[in-house]
Number of protein chains: 4
Amino acid sequence: MVVVMESAAAEEAKRAVINRLEDYGFETHVSTGVHKTIIGAIGVKADFDTREIAVMNGVADVYRVTDPFKLASRNFHVDSTTVKIKDVEIGGDAVAMMIGPCSVESEEQVFELADVVAKSGAKILRGGAFKPRSSPYSFQGMGEEGLKLLRAAADKHNLLVITEVMQIGQIDLVAKYADILQIGARNMQNFALLKEIGASKVPAMLKRGLAATIEEWLMSAEYILSQGNKDVILCERGIRTFEKYTRNTFDLSAIPVVHKKSHLPVVADPSHATGFRDQVPPMARAAVAAGADGLMIEIHGDPSKALSDGPQSLYPQDYLTLVEELRVIAKAIGRKICC
Amino acid sequence: MVVVMESAAAEEAKRAVINRLEDYGFETHVSTGVHKTIIGAIGVKADFDTREIAVMNGVADVYRVTDPFKLASRNFHVDSTTVKIKDVEIGGDAVAMMIGPCSVESEEQVFELADVVAKSGAKILRGGAFKPRSSPYSFQGMGEEGLKLLRAAADKHNLLVITEVMQIGQIDLVAKYADILQIGARNMQNFALLKEIGASKVPAMLKRGLAATIEEWLMSAEYILSQGNKDVILCERGIRTFEKYTRNTFDLSAIPVVHKKSHLPVVADPSHATGFRDQVPPMARAAVAAGADGLMIEIHGDPSKALSDGPQSLYPQDYLTLVEELRVIAKAIGRKICC
Amino acid sequence: MVVVMESAAAEEAKRAVINRLEDYGFETHVSTGVHKTIIGAIGVKADFDTREIAVMNGVADVYRVTDPFKLASRNFHVDSTTVKIKDVEIGGDAVAMMIGPCSVESEEQVFELADVVAKSGAKILRGGAFKPRSSPYSFQGMGEEGLKLLRAAADKHNLLVITEVMQIGQIDLVAKYADILQIGARNMQNFALLKEIGASKVPAMLKRGLAATIEEWLMSAEYILSQGNKDVILCERGIRTFEKYTRNTFDLSAIPVVHKKSHLPVVADPSHATGFRDQVPPMARAAVAAGADGLMIEIHGDPSKALSDGPQSLYPQDYLTLVEELRVIAKAIGRKICC
Amino acid sequence: MVVVMESAAAEEAKRAVINRLEDYGFETHVSTGVHKTIIGAIGVKADFDTREIAVMNGVADVYRVTDPFKLASRNFHVDSTTVKIKDVEIGGDAVAMMIGPCSVESEEQVFELADVVAKSGAKILRGGAFKPRSSPYSFQGMGEEGLKLLRAAADKHNLLVITEVMQIGQIDLVAKYADILQIGARNMQNFALLKEIGASKVPAMLKRGLAATIEEWLMSAEYILSQGNKDVILCERGIRTFEKYTRNTFDLSAIPVVHKKSHLPVVADPSHATGFRDQVPPMARAAVAAGADGLMIEIHGDPSKALSDGPQSLYPQDYLTLVEELRVIAKAIGRKICC
């Protein structure tokens, strides 16, 4: 932490700040210039609230100089993490494809789409059984019945399953059927849920909150990691801005930034980021070109009949065409799609 | 819902849209102009995803014309709701004051502050026993022990207690000690929690999410109301913007807007909105002048020792001075403070 | 400036940073801790691009510790500035009222409204003669004819005139008729215009840009001050956020923040901030309660016929009622309205 | 325009709205449902302020159904526009590369970089001679001397020149040396400048404002087009959000959205969008993959000595490597780089 004293700060104010810092266990170093005095406070206290010092007399500014996360930081863990589940790796050379319907709706639907997923060479089937909906009157998912269908359809093709967990009470149930627990954007700071998923040790994918900074997102990953669960995957799915022609603003710069700040793999979800089918292929291509470690894409055989998010679901054929374009782009940067 | 067709849309495309709308149960009315055809779709389907129509051929734009919430809407419930708990009313002439420490830290602390609360004439004691913290390494609250202290300190002065519930498993425990369950900003779209609090029928205060539109906030209130809990209070606590000199941007315009759109009372929390002690009094005054039905303010006898949010806590004396200013402002708009 | 080196930074990298800083003329102080080395760089270079150092090898973070503005800073000029024009003061005890129509439309209109302004005790007449409109097909203002009418109507009641200047070529013309030059939100970073208005020495009111941080706003004020014009007034008029129920989000916290960071007076404009008539009175009251040094409010005798911004204009009678409420609120914080 | 009346609106209120709409010249169509009455108002008035109707008694909501721009709209001009200047096309199959230093600094610098530009196969040299800087104390550009150097260096290799114009008084001077006039993000709503550049008929590139919606951006393009200048190019350069780890948020979804809404070509500027050199290559690749019609990228032979934006400038060698990656990506979507 670095504390900058106001030009006019009295000696006594400076001493008070130094004493307070030392009470908190920091080692202090003082640099005195003509206009400003700077106090360096050395000592890692990731959770220190810098406002404690900022409100003291004579303090002009306070800067935290250590990232507020540790286990999620690349400083702490220099090599990139590869999450390995059965024979699938997320974070390696191959861009992992997580494909399937928004919601599981029927046996026929999920088996038909799992066929498409397998045909494309993707290794992970996605699908929602518990759905977070902004209206209490909307379809809330098939529940355990949906989980069973997902698992059966995935097993037919030897695919992994990723699906969302919305509350602590569902973790054991979902983990019975799924390989990866998805934590939705609206739950990114549901700290109780993060801790329990950390304790479960089941691989987890943490979506970025609608208005979460990358720093907060990594702090939420820290919650999971701090409970001993090392298999954490991040997922960028668009942030909220003032723009009205898109559902969200897809923050693709987050991909190189996460790769610099953290060792965790980061997946991109162009379906939720854009909200409209015709924007999914260009943004999926852009995400691979930007270095995403995976893509999560929604598909549906008859989107106009989908019980949720039909308008952003690709038709199977359009998805298969997109995969071919992605193969060329991945190759241009030394990667491949799936396998 | 109103559907605007593109100028060049074929007759067949128009018919397809009309058929789809009728399949969904809407009654349709078509207006044909020189440049545009407009299709009005009448029928209340609060949760209809307008993108379903937006992605059809020939469609230029779709507008939902009904608010996506119903029980929370002033159209549905014209008179303002007053939440009555024991002898306290929230939403009436008196501006309700919810005052106390950020976290309950000790018996001495909470009793000392409850004395200040009672002295000011306020009727509601706030204090956190379960704390949502962005870092897993920060103080997480005293738990049930804190709840007991809060209740005892409140009972000494016949005050109500408001405190936060972070997960479903805590509802019964917290309701045993508290009069009002607070739902934090980060849980505003934790739909599973909202439903259970709705079912509990315990009065609840729903804080606005950091990046929630007023519409989404009212839809989350709808989740609670839809389970039969009519005692819902809203709380504006600042939204996330690009500005860096303040912790959040206090959206005071939300107060008149909520009063227009909804019948529910709305409280303002200048402590969390600004994050700094010196900004709390001007913003508390502004909130009352803007018509807030209550204020939630953090106080602490020795903020530099507070285990959380000390920098935004008022000293008891400054709080008492503020209350006197607030009395004059409330009177200017025909209201009063507390009682 | 403070430079934090990565834990693993080589000695050579540290020396390179120190050398570079000294080349730029900074005096350096090094603090070495167990995990981090911190380099303090003393020397005021308000415009130094900290990214120059941030991209060097081994650098973890760089913090600027001096505000990037000087003449606008309260550090530089401790006493609050009062802008005095004829017998009117802006920034003193009285809250200055700048009242009038959005656009000057006719002689009758502006004289009628100037009567209302004078009747309320306000001292400054506002009105647009050159209008910045987002569509090229909208009414663009009456030009010089409008300026003449404004001046004449103001002179009848001994009022000051404030009106907008949109381009360098209009400065002399507008200054011939107006007492205060208004710089609109969309021109806040039209640096060429700022410099020329600075050189003109005519009192100027600088509106905050739609997406400008308070820091950038003060840097734009610095442009005007740096040319020798000391009579600068700031005006908060709402910022752009994700919220859709209001036109802009009125950032009232900016008022105490500006008062802390700068010595310049700050006015609030609830008409543009909210965009709707019914939100103007609560937000005007809130602005005075928050400590605004002035209010800019649009009024119109027949808003439904106004050539611009009718929906946010108050009826004269509602404005007069509002002023009475404002008098009570101003008194509660030791101020008065106008005089 | 579509007007939705409140459920409880009186017949008289409906008639008043219909009369007002007809006064404005709209043709009206009324649809009456059980709960709502919807009034369709047909007639193209691109600049109509819908708030005029929104504030009338009994009105629940008003929706504009026509885009507020016309000449910039794809509805009006179905085929994509290709801006042709000498033998260069922007908006065709080839992705146009606009490459060069942030600021022109010396003859040696600009000639050296023009060599790199030509070597890469790019056809357009960029460089600033008049610089908009947020601090009045920063380097403001070489002025006409810089323009002369740019032209000479471009002519050596038969390149086009693009450079920024900051004020009306500079248009003729800049047009003497440049092929494309760049309008900076901070001037996107400097309407006086837009009109004059429109009247000049010189090809223009309009950068998106920091907080401009895509709709407002297209309305600013409309200002230029409305004066008879058809050669308008758009440029996405990042928008302002709450994220702090990047300078701006690069809104790549704007590319497919602009292509859908407008016929104008759209270029992407990853240098300004990200602000840091290491993020430029991934974002440049992403922009091409997303369908950008051109890229604007800053390069510098010795970025640590650059007078502006050194930290975001690529080294020439890294730029040349990037171009090879871009060629593969462009091919994957049926395009090519430059020629």
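The values are calculated or read from the model by the stated rules, or taken from the named source; none is laboratory data. Predicted, not measured: the structure shown is a model, and the values here were computed from it. We place every Cβ from the backbone using ideal geometry, glycine too, and count neighbours over all the protein chains shown. Please note that ligands, DNA and RNA were not included when accessible areas were found on the heavy atoms of the full protein model with its side chains. Shrake-Rupley method; radii C 1.70, N 1.55, O 1.52, S 1.80 Å.
At a glance:
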read-out: Residue list for the range B:258-277, restricted to those being touching a helix residue (DSSP H, G or I) at 6+ places or on another chain (Cβ under 8 Å) and open to solvent by 10 Å² or more (accessible area, probe 1.4 Å); value: B:K260, B:K261, B:H272, B:F276, B:R277
read-out: Exclusive hit being outside any loop (DSSP other than H, G, I, E, B) and open to solvent by 10 Å² or more (accessible area, probe 1.4 Å), set B:E298, B:E324; value: B:E324
read-out: Residue that is most open to solvent (accessible area, probe 1.4 Å), among those in the range C:183-205 that are farther than 21 Å from D:K131 by Cα and free of Cβ contacts under 8 Å to residues at least 40 places away in the same chain; value: C:K201
read-out: Condition broken by C:Q170, with the remaining ones in (1) under 18 Å from the mean Cα position of the chain (by Cα); (2) under 27 Å from C:A273 (Cβ atoms); (3) open to solvent by 10 Å² or more (accessible area, probe 1.4 Å) satisfied; value: (1)
read-out: Residues of the range A:65-80 classified as crowded, with 17+ Cβ neighbours inside 10 Å and at the interface with another protein chain (Cβ under 9 Å from one of its Cβ atoms), total; value: 7
read-out: Tally of residues being facing another protein chain (nearest Cβ under 8 Å) and touching a residue at least 12 places away in the same chain (Cβ under 8 Å) across the range B:210-219; value: 6
read-out: Hits in the range A:132-150 (condition: closer than 23 Å to A:I233 by Cα and either touching a strand residue (DSSP E or B) at 6+ places or on another chain (Cβ under 6 Å) or of a type in the set (A, V, I, L, M, F, W, C) (or both)); value: A:L147, A:L150
read-out: Options B:E6, B:E11: the member that is surrounded by fewer than 19 Cβ atoms within 10 Å (Cβ to Cβ) and either of a type in the set (A, V, I, L, M, F, W, C) or free of Cβ contacts under 8 Å to residues at least 24 places away in the same chain (or both); value: B:E11
read-out: Top-ranked residue in the range C:230-241 [being away from chain D (no Cβ under 12 Å) and either part of a strand (DSSP E or B) or among the hydroxyl-bearing types (S, T, Y) (or both); ranked as farthest from C:D179 (Cα to Cα)]; value: C:E236
read-out: Where C:I90 falls short, out of the listed (1) open to solvent by less than 10 Å² (accessible area, probe 1.4 Å); (2) within 14 Å of chain A (Cβ to nearest Cβ); value: (2)
read-out: Among (1) in contact (Cβ under 8 Å) with a residue 24 or more places away in the chain; (2) open to solvent by 10 Å² or more (accessible area, probe 1.4 Å) - the single one A:V280 does not satisfy; value: (2)
read-out: Flag if C:E216 is surrounded by fewer than 24 Cβ atoms within 10 Å (Cβ to Cβ), of a type in the set (D, E) and assigned by TED's automatic domain parsing to the domain that holds C:I171; value: yes
read-out: Top-ranked residue in the range B:219-237 [being open to solvent by 10 Å² or more (accessible area, probe 1.4 Å) and of a type in the set (G, A, S); ranked as nearest to the chain's Cα centre (by Cα)]; value: B:S226
read-out: Matching helices (runs of 4 or more DSSP H) fully within the range A:248-292 where at least 2 residues are within 20 Å of D:K244 (Cβ to Cβ) and at the interface with chain D (Cβ under 9 Å from one of its Cβ atoms); value: A:254-261
read-out: Flag if D:E105 is part of a loop (DSSP other than H, G, I, E, B), of a type in the set (D, E, K, R) and either over 21 Å from D:K230 (Cβ atoms) or touching a Leu at 6+ places or on another chain (Cβ under 6 Å) (or both); value: yes
read-out: Leading residue by the ranking (farthest from B:P132 (Cα to Cα)) among those in the range B:301-320 that are open to solvent by 30 Å² or more (accessible area, probe 1.4 Å) and either among the charged types (D, E, K, R) or in contact with a Lys or Arg (Cβ under 6 Å, 6 or more places away or on another chain) (or both); value: B:D318
read-out: Of the criteria (1) farther than 26 Å from D:Y245 by Cβ; (2) away from chain A (no Cβ under 14 Å), which one C:H29 fails; value: (2)
read-out: Every residue from the range C:198-207 that is more than 10 Å from every other protein chain (Cβ to nearest Cβ) and either of a type outside the set (A, V, I, L, M) or in contact with a strand residue (DSSP E or B) (Cβ under 6 Å, 6 or more places away or on another chain) (or both); value: C:S200, C:K201, C:V202, C:P203, C:A204, C:M205, C:L206, C:K207
read-out: Yes/no for B:K176 being farther than 18 Å from B:A72 by Cβ, among the basic types (K, R) and surrounded by fewer than 19 Cβ atoms within 10 Å (Cβ to Cβ); value: yes
read-out: Condition met for A:V17 (closer than 30 Å to A:L159 by Cβ, buried (at least 19 other Cβ atoms within 10 Å of the Cβ), at pLDDT 90 or above and more than 9 Å from every other protein chain (Cβ to nearest Cβ)); value: no
read-out: Residue in the range B:119-132 that is within 30 Å of A:D67 (Cβ to Cβ), away from chain A (no Cβ under 14 Å) and surrounded by 24 or more Cβ atoms within 10 Å (Cβ to Cβ) present; value: no
read-out: Subset of the range D:122-148 [closer than 17 Å to D:A185 by Cβ and touching a residue at least 40 places away in the same chain (Cβ under 8 Å)]; value: D:R126, D:G128, D:F130, D:K131, D:P132, D:R133, D:S138
read-out: Single residue of the range B:299-339 satisfying the filter (of a type in the set (D, E) and more than 16 Å from B:V95 (Cα to Cα)) that is nearest to the other protein chains (Cβ to nearest Cβ); value: B:D309
read-out: Residues of the range A:133-151 classified as open to solvent by 30 Å² or more (accessible area, probe 1.4 Å) and within 14 Å of another protein chain (Cβ to nearest Cβ), total; value: 5
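The rows are residues; the columns are (1) open to solvent by 10 Å² or more (accessible area, probe 1.4 Å); (2) more than 30 Å from C:S262 (Cβ to Cβ); (3) over 19 Å from the mean Cα position of the chain (by Cα); (4) free of Cβ contacts under 8 Å to residues at least 60 places away in the same chain.
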{"site": "A:D61", "(1), (2), (3), (4)": "yes, no, yes, yes"}
{"site": "A:V95", "(1), (2), (3), (4)": "no, yes, no, no"}
{"site": "A:D115", "(1), (2), (3), (4)": "yes, yes, yes, yes"}
{"site": "A:A153", "(1), (2), (3), (4)": "no, yes, yes, yes"}
